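Enquirer: Sharing a structure with you now.
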Amino acid sequence: MTKILCFGDSNTWGTKPEGGRYDDHERWSFLLGVYLNMPSSDSINQETESKYLVMEAGQPNRTLIKNAPFDGDKSGLTYLKPLLAIHEPELVIIMLGTNDLKAKFNLSPADIGAGAGTLIEQIQAFSQEAISHSSATKILLVSPPEIKEVPPYVSVYAGGAQKSQLLAHEFATQAKQYQCDFLDANQVIKSSDVDGIHWGAQAHESLALSIAEYIKQRMSFSHSSN
């Protein structure tokens, strides 16, 4: 099977705009596996053997820069590196950047974009050093949807809404520089009006469908034989 690691924040973990957590069948990262393994409409073969294994690795408050994925208590190399080493995913989907918009970090869109680039670079370096016996790990960088400054996060994300409008451009630039795939979630979903940060259930479903189609149409995977 093609192994896919979804590395993200509370929206990958499944936080609801109104509080609580979505069930398995409602989260985008879980639904991604469902849609990827769904047989095509023109398939004559009735077998339902899964071709993709999607692993969910979302954590609330995870960032790209502060408490960075490779140097912090929210994830760090101590968290991601074992996932890469143990599971050896063919694809890592990065869905981060929203928490970096918090006012306390005082980061520019370019700073956040550079953080995404650093994470991509680290994954690529790990892939070359530790998983040299298999093909290089592919990366799909997803720019999160723009946020809205509404209660209860108005002060937490003060000025973040305007910055979030520029993230897609910065992320696309980093994806081009590091030669990895890129997807702008703004083209598919919007953040909820309820809290301005998290997504409604329909958004999770729409994003899962969009990423599944992207993977099927644009990405190919080769598996080494041991």
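Here, each number is a calculation from the coordinates, and none is a lab measurement. All values reported here derive from a predicted model rather than from experimental measurement. Reconstructed Cβ throughout: ideal geometry from the backbone, glycine too, with neighbour counts over all protein chains shown.
Enquirer: Pairs K3/K104; K51/K148; K16/K81; K138/K163; K51/K102; K104/K216: which exceed 31 Å Cα-Cα? Mind showing how you got there, number by number?
Expert: Numbers: K3/K104 36 Å; K51/K148 37 Å; K16/K81 28 Å; K138/K163 28 Å; K51/K102 38 Å; K104/K216 39 Å.
Where the Cα-Cα span goes over 31 Å, the pairs concerned are K3/K104; K51/K148; K51/K102; K104/K216.
Enquirer: Something else now. If you work out volume of the Cα convex hull per residue in Å³ from the coordinates, which of (i) 199; (ii) 142; (iii) 119 do you get?
Expert: After the calculation, the listed value that fits is (iii).
Enquirer: Oh, and also: Around K3, what is the net charge, scoring Lys/Arg as +1 and Asp/Glu as -1 over all other residues with Cβ under 13 Å from its Cβ? Mind showing how you got there, number by number?
Expert: Working: positive: K51, K138; negative: E56, E88, E90.
Counting the neighbours of K3, the net charge comes to -1.
Enquirer: Taking amide H positions as placed in the peptide plane 1.01 Å from N, state which residues far from K3 in sequence (5 or more) or on other chains have amide H under 5 Å from it.
Expert: L53, E90, L91
Enquirer: Roughly how many debye, to the nearest 20, is the charge dipole of segment 120-226 about its Cα centre, given +1 on each Lys and Arg Cβ, -1 on each Asp and Glu Cβ, and no other charges? If you can, show how the numbers build up before the last one.
Expert: Numbers: 7 positive and 11 negative charges, 45 e Å.
My answer is approximately 220 debye.
Enquirer: Express as a percent, rounded to the nearest 5, the fraction of DSSP beta bridges in the chain (both residues included) that run antiparallel. Spell out each step's value before the answer.
Expert: Details: 2 of 22 bridges.
If we restrict to bridges inside the chain, about 10 percent are antiparallel.
Enquirer: Explain nothing, just the number: relative contact order of segment 132-226, from Cα pairs under 8 Å at least 6 residues apart, as a whole percent. All intermediate terms of the calculation are to be shown ahead of the outcome.
Expert: Details: 100 pairs, mean separation 33.6, N = 95.
In percent, rounded to a whole number, it is 35.
Enquirer: Quick one: Karplus J couplings for segment 97-108, per residue in order, coefficients 6.51, -1.76, 1.60, θ = phi - 60°, nearest Hz, x for Gly and Pro?
Expert: So the Karplus estimates, Gly and Pro as x, are x, 5, 5, 5, 7, 4, 4, 5, 7, 6, 9, 8 Hz.
Enquirer: Between 0 and 90 degrees, rounded to the nearest ten: what's the tilt of helix 109-130 against the longest Cα principal axis of the chain?
Expert: It works out to around 30 degrees.
Enquirer: Now for a separate question. Mind checking which of S206, I139, G113 is farthest towards the positive end of segment 103-226's charge dipole, using Cβ charges of +1 (Lys, Arg) and -1 (Asp, Glu) about the Cα centre?
Expert: After comparing all options, I get I139.
Enquirer: Let me ask something else. What does the helix-only formula give at 222 nm for the chain: each DSSP H stretch with n ≥ 4 adding -39500 (n - 2.57), the total divided by the residues, and the result rounded to the nearest 500 deg cm²/dmol? All intermediate terms of the calculation are to be shown ahead of the outcome.
Expert: Details: 7 runs with 80 residues, N = 226.
Helices in the chain give a 222 nm mean residue ellipticity of -11000 deg cm²/dmol.
Enquirer: Please list, in chain and number order, the residues 5+ apart from F182 or on another chain whose amide H is under 5 Å from its amide H, with Hs placed from the backbone.
Expert: Those lying under 5 Å, H to H, from F182 are L141.
Enquirer: Using 0.36 nm times the number of residues separating E88 and S220, minus their current alpha carbon distance, what extension gain do you get? Show your work: numbers first, answer last.
Expert: Working: separation 132, 0.36 × 132 = 47.52 nm, distance 1.62 nm.
The span from E88 to S220 would gain 45.9 nm if fully extended.
Enquirer: Under a Cβ-only charge scheme (Lys and Arg +1, Asp and Glu -1), can you give me the dipole magnitude of the chain about the Cα centre, in debye to the nearest 20? Provide the component values of the computation, followed by the final result.
Expert: Numbers: 18 positive and 26 negative charges, 77 e Å.
Result for the chain is approximately 360 debye, rounded to the nearest 20.
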